[in-house]
Ligand code: UDP
């Protein structure tokens, strides 16, 4: 349903690509429906945002300064610029100083008669709740995670753990959730079980969690057909009957629209797309794509093992290496030059995953990467990397819950993380995913999920309907109808 031209909304992403990108995607879905979207960001994040929103006429940017904090390196305005994850809490803490300029944006909008129907805020920016309350604007929270992992994290932090005995066995049972896999201690994001209230990050989790459950609603980048079974359990943790809206996969709205034709043409000019076109049997799903997102830091030894593992597996590959300092083992580049493409810059992951030459994705299982992969029907080789994140849960969900991928064995018998996964393991798993029977089955499952994902955002699909419903509710809210 086309919205009346006067509806405005504010989107305030957290400054990490994995959190920002999905909100830019959904901002386009709102803009296409005629809403005017104001995205709030900081000076050094602005150009990335402009490049990703294709200068849509209904989307504008409001740039506010990122506070100077002595503990953070000069110019650091994105968590990808942090020299260490230990500074994450300092970064989140610093954002609190943006409250006044943020409220300045709201005041200006109201003064122009553009009072927003809601503020969609990342959950790390918990202080926006207070501002929204003062201005009487609904706050919708966004986590960048799926409904199942959110339900698990909420259960662990908000329900009394009645299962102490099984915890000793490393198995966790949650009374409110029927899980599609066995939950073990090692799957839980660091700090959630051994919660230390003196820890800075733990304090932030408490603060953000408090604001979270007091928000007007929740935006979930997922779809009913994938996670409908867990939405109820997740929603039950929120106050005031707040609802969770599964509107995803957000990026697929964009895929369906005319406006992206220009983006598609641009994609075809990328050197790696040209490289993919040249692969023998390029529509035969023979190439494996390797990337571990924007946050994970891999050691030199681990990068070397991946290099050898990929070489030994003998499948063509595209590998995005984030490290600026790693140099490939001697002679390796020369040996793999026909088969492998190593990229050091930002690569447009979606255009790679959507290419018919791609047959598998060796991934850290960030939620966005997972959604992108299954939406394109590409099975995953799951290798969770970041302990503080929910990547272990995502990996189990997709491999054991949906059968749409295989796992890289990355833990010992006691659940401990293996420091360096060896080349043989990597080689064997790549071969199995790309050429084995298990890989073939996983590809079928991924393709079936991909069809469901696209169906969800098509006209009258589950996510498309929920998006219309949300806009109706918010506009009725504004007009005093509810
Ligand atoms: N991404 C990309 N190119 C890169 C690295 C990442 O397009 O070279 C995108 C990727 O498509 C995804 C996001 O960045 O949308 C990463 O989010 P994810 O949740 O997968 O992982 P995170 O970086 O948050 O760990």
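The values are calculated or read from the model by the stated rules, or taken from the named source; none is laboratory data. Owing to the predicted nature of the structure, the values given are computational and were not obtained by experimental measurement. Quick reminder, even Gly has a Cβ in these numbers, built from the backbone with ideal geometry, and neighbours come from all protein chains shown.
The residues listed here are 368, 394; of these, the one that is touching a helix residue (DSSP H, G or I) at 6+ places or on another chain (Cβ under 6 Å), outside any loop (DSSP other than H, G, I, E, B), near the ligand (Cβ under 10 Å from one of its atoms) and within 22 Å of residue 171 (Cα to Cα) is 394. For region 168-179, the condition holds for at least one residue, the condition being that it is in contact with a helix residue (DSSP H, G or I) (Cβ under 8 Å, 6 or more places away or on another chain), in a strand (DSSP E or B) and crowded, with 20+ Cβ neighbours inside 10 Å. Per the listing 37, 105, the residue uniquely in contact with a strand residue (DSSP E or B) (Cβ under 9 Å, 6 or more places away or on another chain), assigned to a strand (DSSP E or B) and either touching a residue at least 60 places away in the same chain (Cβ under 8 Å) or away from the ligand (no atom under 16 Å from the Cβ) (or both) is 37.
Going by the structure shown, is residue 474 touching a strand residue (DSSP E or B) at 6+ places or on another chain (Cβ under 8 Å), over 16 Å from residue 374 (Cα atoms) and modelled with pLDDT of 95 or more?
yes
Based on this model, can you work out whether residue 131 counts as modelled with pLDDT of 95 or more, more than 16 Å from the ligand (Cβ to nearest atom) and assigned to a loop (DSSP other than H, G, I, E, B)?
no
Scanning for something modelled with pLDDT of 95 or more, farther than 20 Å from residue 367 by Cα and part of a helix (DSSP H, G or I), does region 444-459 turn up at least one residue? Within region 444-459 (the criterion being modelled with pLDDT of 95 or more, farther than 20 Å from residue 367 by Cα and part of a helix (DSSP H, G or I)), the answer is yes, since at least one residue qualifies. The residue of region 405-442 that is farthest from residue 302 (Cα to Cα), among those that are part of a loop (DSSP other than H, G, I, E, B) and in contact with a helix residue (DSSP H, G or I) (Cβ under 7 Å, 6 or more places away or on another chain), is 415. Only one of the listed residues (20, 53) is surrounded by 15 or more Cβ atoms within 10 Å (Cβ to Cβ) and either at pLDDT below 95 or away from the ligand (no atom under 16 Å from the Cβ) (or both). That residue is 53. Of the residues making up region 371-391, those that are within 23 Å of residue 286 (Cβ to Cβ) and within 10 Å of the ligand (Cβ to nearest atom) are 372, 373.
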